Amino acid sequence: MKTGEDLMAGHRPLAERMRPQTLDEVVGQDAIIGEGKILTEIVKKGEPVNLIFWGPPGTGKTTLARILAKEYQADFVELSAVTAGKKDIAEVVERARTNWNLKTRTVLFVDEIHRFNKAQQDAFLPHVESGLIILIGATTENPSFEVISPLLSRSRVVIVAPLNKDAIVTVLKRAIKAEKATKRVSAKAIDYLAELSGGDARSALGDLELALSLADKVDVDIVKEAAGRKVPGYDKKGDHHYDNISAFIKSLRGSDADAALYYLARMVEAGEDPKFIARRMVIFASEDIGVAGNGGLNMAVACFGAVERIGMPESGLILAHTTVALARSKKSRATTNAWYKAQDLAHRTMNLPVPVWLRNAPTKLMKELGFGKGQKWEAGFHLDKNYLPDEIKDEKIIGN
């Protein structure tokens, strides 16, 4: 006799039924799973680490959290930052205390952790510090901006990459085999499903599941029909999100204010986070305007501050104002290119000694050895000196 749980299992979405149960079953994350890679090594050592998974939707962040909790033999508690409040956090802490007394670890997985405000993040910080809770957060946003510094300093940020086409194909073939539908889905349909997914395994499996429900034989046309029945629109965490912000930045770069305003309006109308747009404009001001328009960065930073303080819908006007100004600014990538060159040069020559005359000399011995000898910081006094290490003294990074 089947239990209620057995009956419900058949109604779970295909993506849920195909969720990997071990690290070995995870595909497309070779940068973080495998011999010598961070997640595999954490499991080998058996010492839990607080983690922040950063990556786009459908790449396996929740799955990885569940697998790690299982490996730790821990109680897995999942919260969504969209719906959870301080009361939920308090309940988790109480549960963790009970587990602690039973000598059981507690893994708290916070989906969309960037949606927690500072007060909410502060609420579980002491329990992360004490080890009562092992925190695993998941975010589609840069954690540097959205996660408080104390939490970041106590966690490892792990980038979970979008799945490439081959990985999506592997996921689809596994699902088709599990559904005993190998003869029902053509190779071209699998390829097309992978193309449509944009690196999102959950999206690919959802399309496959719908296609299988529409026809006995799934070809490219059936896949198109299935994909066309999905709710259209702007997904703030999916392809449209990245496509629109890319078009917006490239329009600014091309000094096309009309196009930039158009893509800005699309994002705002779709409910995009205005702080995300403002942050990208701050980056753009340094990357693409640079020294050609020294006021660009100040304006972009002021825009971000104003958006934070005022909120929508009024911030739309501030974003539009800044967009037009940045689009019309003169452009220069001189500092950007120079920075990349400096990084490359530094990477290759990290061990070169700093010139002795430039070094600090806090002790008598160091002064006797010539450290800082001749330093006299007056206007023009050291214009003829070499500031770079001798081995690269003739390198020109940005020039005059």
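Where a number appears in this text, it was derived from the coordinates with a stated rule and is not lab data. Everything quoted here is computed from the prediction, not taken from an experiment. Positions of Cβ are generated from backbone atoms using ideal geometry, with glycine treated the same way; all protein chains shown enter the neighbour counts.
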Going by the alpha-carbon gyration tensor, a ≥ b ≥ c the square roots of its eigenvalues, is segment 239-328 rounded (a/c under 1.5) or, if a/c is not under 1.5, prolate (a/b greater than b/c) versus oblate? oblate
From the backbone phi of segment 72-79, what are the Karplus-calculated ³J(HN,Hα) couplings (6.51 cos²θ - 1.76 cosθ + 1.60, θ = phi - 60°) in whole Hz, Gly and Pro given as x? 6, 6, 10, 6, 9, 10, 10, 10
Calculate how many DSSP beta bridges within the chain are antiparallel, expressed in % of all such bridges and rounded to the nearest 5. 0 percent
Long-range amide H partners of residue 218, meaning residues 5 or more apart or on another chain whose placed amide H is closer than 5 Å, are 185, 186
Is segment 58-209 best put as rounded, prolate or oblate by its Cα gyration tensor, with a ≥ b ≥ c the root eigenvalues, rounded for a/c under 1.5, and otherwise prolate when a/b is larger than b/c, oblate when not? prolate
Any idea how far apart residue 125 and residue 25 come out in nm if each label point goes 7 Å out from Cα toward Cβ? 3.8 nm
Net dipole in debye of the chain [+1 Lys, Arg Cβ; -1 Asp, Glu Cβ; about Cα centre; nearest 20]: 600 debye
For segment 170-208 and segment 101-127, what is the separation of their C-alpha centers, rounded to whole Å? 35 Å
Computed from the beta carbon distance with a Förster radius of 30 Å, FRET efficiency for residue 35 and residue 170 to the nearest 0.05 stands at 0.95
Ranked highest first by the average count of other Cβ atoms within 10 Å around their residues, in what order do 204-217, 78-91 fall? 204-217, 78-91
Please sort 281-290, 37-46 by packing, taking for each peptide the average over its residues of neighbouring beta carbons within 10 angstrom, highest first. 281-290, 37-46
To the nearest 0.05, the calculated FRET efficiency linking residue 333 and residue 83 through their beta-carbon distance, R0 being 45 Å, is 0.55
Could you work out how far apart the two model spin labels at residue 275 and residue 103 are, taking each label as a point 7 Å from the Cα in the direction of the beta carbon, and quote it in nm? 4.3 nm
Calc'd 3J(HN,Hα), segment 28-39, phi into Karplus 6.51 cos²θ - 1.76 cosθ + 1.60 (θ = phi - 60°), Hz, glycine/Pro = x, comes to x, 10, 5, 6, 10, 10, x, 4, x, 8, 4, 5
Going by the alpha-carbon gyration tensor, a ≥ b ≥ c the square roots of its eigenvalues, is the chain rounded (a/c under 1.5) or, if a/c is not under 1.5, prolate (a/b greater than b/c) versus oblate? prolate
Over the alpha carbons of segment 58-110, what is the largest minus smallest coordinate on each principal axis, giving the biggest first in Å? 35, 28, 6
Rounded to the nearest 0.05, what FRET efficiency is calculated for residue 195 and residue 45 with R0 set to 41 Å and r the Cβ-Cβ distance? 0.55
Given H placed on each backbone N at 1.01 Å, which residues far from residue 158 in sequence or on other chains put an amide H within less than 5 Å of it? 52, 53, 54
Sorted by average packing, counted as other Cβ atoms within 10 angstrom per residue and highest first, what order do 332-344, 157-169 take? 157-169, 332-344
